[in-house]
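Q: Here it is: the structure, laid out below.
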Amino acid sequence: MIQDDWWPRTGGGPVHVKELSTALAENFEHQIDIYTRALEKDGEQYSSSEQFADGNVTLHRLAPCTEYWNPIGRATSMFTPLPRLFLNDYDIIHGHTFLPAIPTRLGKIATDAATVFTVHGTAIPSGVGRDTSKLAGIKRRIERQFVLEFDYDHVISVNNEHVGLLSDHHTNVSCIPNGVDLDRFSNDLERGSDILFLGRLAPKKRVSDLIRAFERVESQFPETDLIVVGTGPREEKLAELAADLSVSERVSFEGRVPDEIVTRHYATAGVFVLPSVWEGHPLTLLEAWASGAPVIATSVEGIKEFVDHRETGYLVPPESPDELVEGLRHALNSPKEAREWGRNARRLVEEEYSWEGVAERTNDLYTNLI
């Protein structure tokens, strides 16, 4: 497995790779090496190797050790796994979007291993949610090259939205969604009335829409606060927005919190809100469902195909605080109905989104390639 980032940087990619690798090792006796970058954050260096699944999964953090956005670290990460790939007799090289496309593709050229590439989400069809910097166009062309033009033996999409696009450029394409660790999340705590967002505070998440919607409902629900868990480039701007709207005392920015606090937030939230403009297949959605939390989410790619409106959640248009206001009012005024969405969703993840099931489908794919 090749994954661009790892803890302390949070996100769905590291969770997916760790959980999938562990399930593949425990259920199908695979020996797995994970190659990722050594990272530095807040003066701390994260460069040591780790092992999971009784030593059957080994994480290798490859030098140089830099901050995530450091251009030297990003550039070298596309080539540092190559000596390991060439020297070890791997059956499968499995890269995960999107910089690992380079070592995955070169591994296909230089070794006998079959190559698999997982697309966790892409804005190639529309460009929505991407940055507006002068380099945005160049970045998008690079992503198109990595995702669509490189040759792999099999491509996986975590949602059905992109299967058609990928099938236009690749012969073998499958949809295998994310999974969730059901044992980690509890749905037996007393549920309150707070509104929860949990995720990276990045532009595509549109947490600003949630803060604006909350400002319009907070006076109607004096016992309800907005809890924002996560870090990211928009954190300071979002705090300023809450202050400008005079809701700072009701909006809690908690930053990165320990896993046990994350699970408690999910288990006690009155409603979990995901206001993104696009997603791949968000792990936070599955985690909220596994906790039985009522969900309000935007009707966008990576979400709308998974959420059954007013059955497993409540869908609103993206970038529409007015519609989000109505969704919040409905959920908070009708807690019995909202909690029924959560119960339905918990049953759904039990049936369809376990990591064991994801690993089984991935193992079947591997078996057909080797």
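Q: In this structure, does S208 turn out to be under 22 Å from I303 (Cβ atoms), hydroxyl-bearing (S, T, Y) and not assigned by TED's automatic domain parsing to the domain that holds W69?
A: So S208 fits the description; yes.
Q: Which residues, taken from region 183-206, are among the small types (G, A, S), touching a residue at least 40 places away in the same chain (Cβ under 8 Å) and surrounded by fewer than 19 Cβ atoms within 10 Å (Cβ to Cβ)?
A: S186, G192, S193
Q: Additional query: Failed condition for E305, given (1) out of contact with any Lys or Arg (no Cβ under 7 Å at 6 or more places or on another chain); (2) modelled with pLDDT under 95; (3) buried (at least 18 other Cβ atoms within 10 Å of the Cβ), with all others met?
A: (3) is the only condition that E305 fails.
Q: Would you call P64 within 24 Å of G232 (Cα to Cα) and not in a strand (DSSP E or B)?
A: The answer is no for P64.
Q: So for region 192-207 (the condition being on the phi > 0 side of the Ramachandran plot and either within 21 Å of the chain's Cα centre (by Cα) or not in a helix (DSSP H, G or I) (or both)), does at least one residue qualify?
A: Yes, region 192-207 has at least one match.
Q: Considering every residue within region 140-149, establish whether at least one is touching a residue at least 60 places away in the same chain (Cβ under 8 Å), more than 29 Å from V229 (Cα to Cα), in contact with a helix residue (DSSP H, G or I) (Cβ under 9 Å, 6 or more places away or on another chain) and not assigned by TED's automatic domain parsing to the domain that holds A290.
A: Looking for residues that are touching a residue at least 60 places away in the same chain (Cβ under 8 Å), more than 29 Å from V229 (Cα to Cα), in contact with a helix residue (DSSP H, G or I) (Cβ under 9 Å, 6 or more places away or on another chain) and not assigned by TED's automatic domain parsing to the domain that holds A290, one finds none in region 140-149, hence no.
Q: Here are the criteria: (1) surrounded by 20 or more Cβ atoms within 10 Å (Cβ to Cβ); (2) at positive phi. Tell me which single one L286 does not satisfy.
A: All conditions pass for L286, except number (2).
Q: Go through (1) free of Cβ contacts under 8 Å to residues at least 40 places away in the same chain; (2) surrounded by 14 or more Cβ atoms within 10 Å (Cβ to Cβ) for P83 and report which single condition fails.
A: Only one criterion in (1) free of Cβ contacts under 8 Å to residues at least 40 places away in the same chain; (2) surrounded by 14 or more Cβ atoms within 10 Å (Cβ to Cβ) is unmet by P83, namely (2).
Q: Further question on the same structure: Filter region 1-56 down to residues that are part of a strand (DSSP E or B) and of a type outside the set (V, I, T), then give me how many there are.
A: The number of residues fulfilling the criteria is 13.
Q: Answer yes or no as to whether A242 is over 19 Å from S334 (Cα atoms) and either among the hydroxyl-bearing types (S, T, Y) or modelled with pLDDT of 95 or more (or both).
A: Against the criterion (over 19 Å from S334 (Cα atoms) and either among the hydroxyl-bearing types (S, T, Y) or modelled with pLDDT of 95 or more (or both)), A242 qualifies.
Q: Another question, then. If E311 passes every condition in (1) assigned to a helix (DSSP H, G or I); (2) over 28 Å from T97 (Cα atoms); (3) charged (D, E, K, R) but one, which one does it miss?
A: Going through the list (1) assigned to a helix (DSSP H, G or I); (2) over 28 Å from T97 (Cα atoms); (3) charged (D, E, K, R), E311 breaks only (1).
Q: Read through the list (1) crowded, with 20+ Cβ neighbours inside 10 Å; (2) among the acidic types (D, E); (3) over 28 Å from K336 (Cβ atoms), then give the number of the only condition that D209 fails.
A: Only one criterion in (1) crowded, with 20+ Cβ neighbours inside 10 Å; (2) among the acidic types (D, E); (3) over 28 Å from K336 (Cβ atoms) is unmet by D209, namely (3).
Q: Here is a follow-up. Do we find a residue being in contact (Cβ under 8 Å) with a residue 60 or more places away in the chain, small (G, A, S), surrounded by 15 or more Cβ atoms within 10 Å (Cβ to Cβ) and farther than 25 Å from G179 by Cβ anywhere in region 53-75?
A: No.
Q: Among the residues of region 86-103, count how many are crowded, with 16+ Cβ neighbours inside 10 Å and at pLDDT below 95.
A: Qualifying residue count, region 86-103: 3.
Q: Right, next: Is it true that P275 is under 22 Å from the mean Cα position of the chain (by Cα), outside the structural domain of V158 (by TED's automatic domain parsing) and more than 24 Å from K336 (Cα to Cα)?
A: no
Q: Residues to consider are E236, E305, E301, E279; find the one that is of a type in the set (D, E, K, R) and over 18 Å from E161 (Cα atoms).
A: Residue meeting the stated conditions: E236.
Q: Let me ask something additional. Considering only region 314-328, how many residues are part of a strand (DSSP E or B) and touching a helix residue (DSSP H, G or I) at 6+ places or on another chain (Cβ under 6 Å)?
A: Number of matching residues: 2.
The values are calculated or read from the model by the stated rules, or taken from the named source; none is laboratory data. Note that the structure is predicted; figures quoted are calculated from it, not measured. No Cβ is skipped: glycine too gets one built from the backbone with ideal geometry, and neighbour counts run over all protein chains shown.
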